[in-house]
Each structure stands twice: as C-alpha cells, then as structure tokens.
Amino acid sequence: MEFDTIAAISTPMGEGAIAIVRLSGSEAIAIADRLFKGKGKKRLNDVPSHTLHYGHIIDPADGRTVEEVMVAVMRAPKTFTREDVVEINCHGGLVSVHRILQLVLTNGARLAEPGEFTKRAFLNGRIDLSQAEAVIDLIRAKTDRAMNVALNQMEGRLSKMIRQLRQTILETLAHVEVNIDYPEYDDVEEMTHRLLLEKSQYVRSEIERLLQTAHQGKILREGLATVIIGRPNVGKSSLLNSLVHENKAIVTDIPGTTRDVIEEYVNVRGVPLKLIDTAGIRETEDVVERIGVERSKQMVKEADLVLFVLNYNEPLTEEDEQLFESVKEKDVIIIVNKTDLPQRIDMERVKQLANEHPIIATSLLEEKGIDQLEEAISTLFFAGAVEAADLTYVSNSRHIALLHQAKKAIEEAIAGIEAGVPIDIVQIDLTRAWELLGEIVGDTVHESLIDQLFSQFCLGK
Ligand code: GDP
Ligand code: ZN
C-alpha cells in the first residue's frame with residue numbers, strides 16, 4: 001500500500017529529556033534531507049539504513065540553525081510501519097520540538113492523526129489488531145506488570161493462542177466435513193460426535209482459562225478501584241497520604257476522567273491502585289463526614305478493594321458495625337489504626353466481624369504497619385497467581401467481550417452435540433466461534449471498527 005508521508009511528535013515512554021519527531025512514508029527521508037545539515041556534504045538519502053546521524057536542523061527559508069539533533073534513518077520494510085521512517089531526536093524542550101515539527105510539516109509531511117503510525121503498521125501487515133491494541137495499552141500502562149502484559153500481547157502471545165484455537169476449530173470442521181462426505185465406516189456418526197465434543201470442550205476450556213485472567217488483566221491496566229472508608233478522625237486521610245507518599249504516584253493521561261472525582265494512582269508492589277474519591281480527598285477533608293454513610297456505601301459498591309479504617313483507641317460504634325455490613329461481600333482489608341494509643345477497641349469483636357478478611361494494625365502517626373498493609377494488598381491481588389511476567393493476561397475489554405461471545409457459541413455447539421442435533425447446525429455454532437475469535441486478531445474486522453480503535457491512540461504512535 002502507498003500512503004502519504006506523516007509526521008508527529010513521538011515522545012518516548014516514561015520521563016525523558018529527549019523529544020522525537022517521527023516521520024513515516026516514502027518522502028520521509030527526502031523531507032528530512034531538506035532540513036538536515038550534517039558533517040561535510042552528508043545526505044541522509046545516501047546513508048545506510050538503520051543508522052544514526054549527528055547534525056543540525058536548518059530552516060531552509062532563512063538558513064538559520066534551529067536545533068542540534070540526532071537523526072535516525074530507517075528504510076522500509078524493516079521498520080515499525082514498514083515504510084521509510086526518520087526519527088529526529090532533539091534535546092531541547094517542547095518549543096524546539098514543536099519548531100522542528102512545524103518545519104517538517106511545511107516541507108511536505110502531513111500531521112499524523114492519533115494512532116496513525118500504528119494503523120499503518122497494521123494496514124501494511126506489520127502487526128495484527130490485538131498487537132495494535134497492545135500499543136494503546138502500553139501507552140496507558142500504569143505499572144511494570146501492566147507493561148509486561150501489554151508487551152507480551154504486542155509480541156503476539158495472545159494472537160498466537162487465539163490462532164491456535166481457531167486452527168483447532170477449523171481442523172475439526174474440516175474433519176467433520178470429510179466424515180460426512182465419506183461415510184464408509186459404520187460408526188462414523190458416533191466418531192464425528194465424539195471428535196466434535198472433545199474438540200469443542202477443549203476450545204471452551206482454553207477460552208475459560210483466558211477469561212480467568214481477564215479480571216486481573218483489566219485491573220493491571222486500569223488500576224484496582226480502591227476506596228478508604230471509616231468514621232471521621234480514624235485516619236483515612238493519613239492513610240491516603242502515606243500510600244501516596246510511600247509509593248510512586250502514577251501519572252495518568254486517560255481522557256474523560258471527570259473533574260469532581262479525584263483519582264490518585266499509586267503503584268503498591270506492582271498492583272496499581274486507583275484511589276477513588278470525591279474532590280474532598282485532595283483537600284484532606286472528611287469524606288464520610290461530608291457525604292455520609294449512604295454515599296460511602298455507594299462508593300463501596302463500585303470498588304474492587306475497600307480499605308476500612310477503625311480506631312484502636314475508641315470502642316466500636318453502631319456506625320462501624322453498619323460499615324462492616326456494607327463491605328462484607330467485598331475484598332476488604334481492615335485497618336486498626338492508632339495502635340500507639342491505649343487500646344479501647346474490642347479486638348475479639350473486630351475479628352468476629354472481619355470473618356476471613358485480613359486485619360492490619362497500624363500507627364500511621366509512627367509510620368508502623370504500612371509494610372504489612374502493602375503486603376496484604378499484594379497478596380490479595382496476586383493470590384494463587386503465578387508471577388505476572390509470563391502469564392498471558394487478557395486485559396482489553398473488546399477482547400474479553402469477544403471471548404465471552406465465542407464461549408457462548410462453543411457452549412451452544414456442545415449443547416447441540418449432546419442433544420444430538422444435526423451436524424450442520426453444530427457447524428454453524430463452531431463457525432461462529434471461529435469468526436468471533438478472528439475478530440480479536442483482526443482477521444474478520446471491518447473498516448469502521450479499525451478507525452475507531454486507532455483513534456484512541458495518542459498522537460505520534
Ligand atoms: P480521617 O478523618 O479519618 O481522615 O482522619 P485523619 O487522617 O484526618 O486523622 C485524624 C487525626 O488522627 C489527625 O490528627 C491525625 O494526625 C491523627 N492520626 C492519624 N493516624 C494516627 C495514629 O496512628 N496515631 C495517632 N495517635 N494519631 C493518628
Ligand atoms: Zn480525613
């Protein structure tokens with residue numbers, strides 16, 4: 001496919017003083033050549049592929065030097081987009097990178113749409129759809145673990161698993177077809193049924209296995225929705241502060257977060273917590289005081305994790321018991337705070353109410369117990385899970401939805417086989433499952449979905 005040459009600022013992930021203007025397309029090298037002045041009479045057009053060149057960006061209009069740069073020249077097809085790619089690395093701040101982009105645009109390139117580089121990689125056959133989506137996730141990844149999940153996906157692990165399942169279905173369908181066409185054995189019908197059932201059950205269990213990872217995958221990607229509740233003055237704000245200060249706060253750039261709800265992202269031992277609260281939290285105001293028990297019950301409903309704070313120095317109250325009632329179905333960690341003060345709480349009763357939920361004693365004032373709390377959070381989340389690095393998590397909600405639909409189609413096929421319905425009906429369900437799985441890797445998607453997906457990207461990717 002032939003496209004025009006696009007350009008955008010493509011700042012590398014993480015913090016970095018270097019900014020990159022990236023160009024892709026058949027004119028990329030020629031355009032860069034118009035602006036680049038290297039040693040002697042060096043022209044980028046003549047340099048070998050995948051080489052880096054020191055020099056300056058000159059404004060051809062007035063010959064003035066704009067910026068000191070390193071330019072990477074990468075020729076098609078061994079590039080991310082499979083087109084000629086030029087990356088202009090500059091050390092200057094935002095202003096100079098924008099000036100370079102401006103020059104590139106006035107000298108023949110077009111400003112890329114969000115996600116257009118990745119879209120080209122997809123359209124040029126360099127990556128499949130689930131890999132493209134992994135790029136979105138990578139941009140948004142909040143912790144190293146989430147990054148690993150996205151990286152695995154980008155390397156095509158999920159695609160590989162999905163393709164194997166599709167292959168299994170296809171082979172089974174082919175087999176059945178052959179059996180129908182050549183019914184030379186007496187027991188062919190029985191054999192066909194047995195094969196169909198076996199293979200369908202196998203595909204179902206594989207889909208289920210993938211879906212089991214979905215919840216964790218989603219949390220890794222979006223953060224564990226966490227609320228801190230408790231009566232006024234027990235230490236909620238102090239807890240929030242120590243969690244935020246002890247841990248690396250994660251900066252988020254997800255669009256659409258509303259102003260009146262503050263979300264603090266912190267990375268607790270690889271678990272991204274999305275500490276949710278109303279604007280009050282920032283002002284260290286008292287949420288429960290202000291919004292009352294009713295509202296905290298609502299917040300609890302929407303949470304993945306509840307941190308329930310009690311005061312070691314005060315007896316349990318009716319309100320505490322009410323709060324216990326509202327969290328008992330949840331993943332909750334009970335924090336008994338202010339252990340530096342004399343005990344007035346009935347710990348036996350707390351244990352009774354807590355039931356199976358972990359209880360952590362803290363003195364936030366003396367910075368005690370925070371380690372144990374963090375340990376409890378990570379245990380809760382990673383309980384029974386193998387270390388995340390080599391698991392293929394499904395974390396994308398589109399993939400999850402498709403897997404659920406595919407599972408349903410397979411289940412219908414299985415039910416049909418067991419009920420002895422005609423084979424061609426079963427074939428329809430299996431074909432449907434095969435198509436649905438295909439949508440995950442992009443083998444059967446249509447144009448509008450593709451456009452919608454790629455428009456989610458940040459500029460420059
Ligand atoms: P919130 O109303 O639940 O948000 O509670 P705060 O975090 O605002 O804390 C209420 C008061 O308790 C503040 O004066 C804190 O300094 C104090 N406090 C918090 N944690 C501890 C603790 O572990 N020990 C003691 N003695 N005081 C604490
Ligand atoms: Zn408070």
| message | If each residue of separation counts as 0.36 nm, what is the full-extension length gain between Ile425 and Glu113 once their alpha-carbon separation is subtracted? | response | 107.9 nm
| query | Of Lys236/Lys338; Lys301/Lys368; Lys119/Lys160, which pairs sit farther than 18 Å apart, going by alpha carbon to alpha carbon? | reply | Lys301/Lys368; Lys119/Lys160
| said: Please compute the length gained on full extension between Glu314 and Thr106, using 0.36 nm multiplied by the number of residues separating them and subtracting their Cα-Cα distance. | reply: 67.9 nm
| remark: Along region 159-170, Karplus-curve 3J(HN,Hα) (6.51, -1.76, 1.60; θ = phi - 60°) to the nearest Hz, with x for Gly and Pro, reads 4, 4, 5, 5, 5, 5, 5, 4, 4, 4, 4, 4
| field | Estimated FRET transfer efficiency (Ala61, His175; beta-carbon r; R0 56 Å; 0.05) | value | 0.25
| Around Ala361, which amide H atoms from residues at least 5 apart in sequence, or from another chain, sit under 5 Å from its own amide H, with H modelled in the peptide plane? | Val336
| said: Take Asp340 and His98, extend 7 Å from each Cα along the Cα→Cβ direction, and tell me the distance between the two endpoints in nm. | reply: 4.8
| note | Calc'd 3J(HN,Hα), region 32-39, phi into Karplus 6.51 cos²θ - 1.76 cosθ + 1.60 (θ = phi - 60°), Hz, glycine/Pro = x, comes to 4, 4, 5, 10, 9, 10, x, 5
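Tell me, rounded to the nearest percent, the portion of alpha carbon pairs in region 6-128 spaced more than 21 Å apart.
Values: 2512 of 7503 pairs.
Summing the P(r) tail past 21 Å for region 6-128 gives 33 percent.
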| query | Where in region 343-375 does the label zone of Glu321 land, with the point 7 angstrom along Cα→C-beta and an amide N cut-off under 15 Å? | reply | 346-354
| said: Show me the ranking of peptides 49-59, 96-106 by mean Cβ neighbours inside 10 Å, starting with the highest. | reply: 96-106, 49-59
| message | Quick check: from the Cα gyration tensor, does region 27-69 come out rounded (a/c under 1.5), prolate or oblate? | response | prolate
| request: Find how much the distance from Ile359 to Leu52 grows on full extension, using 0.36 nm per residue of separation minus their present alpha carbon separation; answer in nm with one decimal. | output: 104.9 nm
| Inter-site label distance for Glu348 and Lys330 at 7 Å from Cα along Cβ, in nm | 2.9
| field | Separation of the Gln212 and Phe3 label points, Cα + 7 Å toward Cβ, nm | value | 4.0
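All of the numbers you see were taken from the coordinates with simple rules; none came from a lab. Because the structure is predicted, anything quoted here is derived from the model rather than measured. Here the Cβ is made from the backbone with ideal geometry for all residues, glycine too, and neighbour counts use every protein chain on show.
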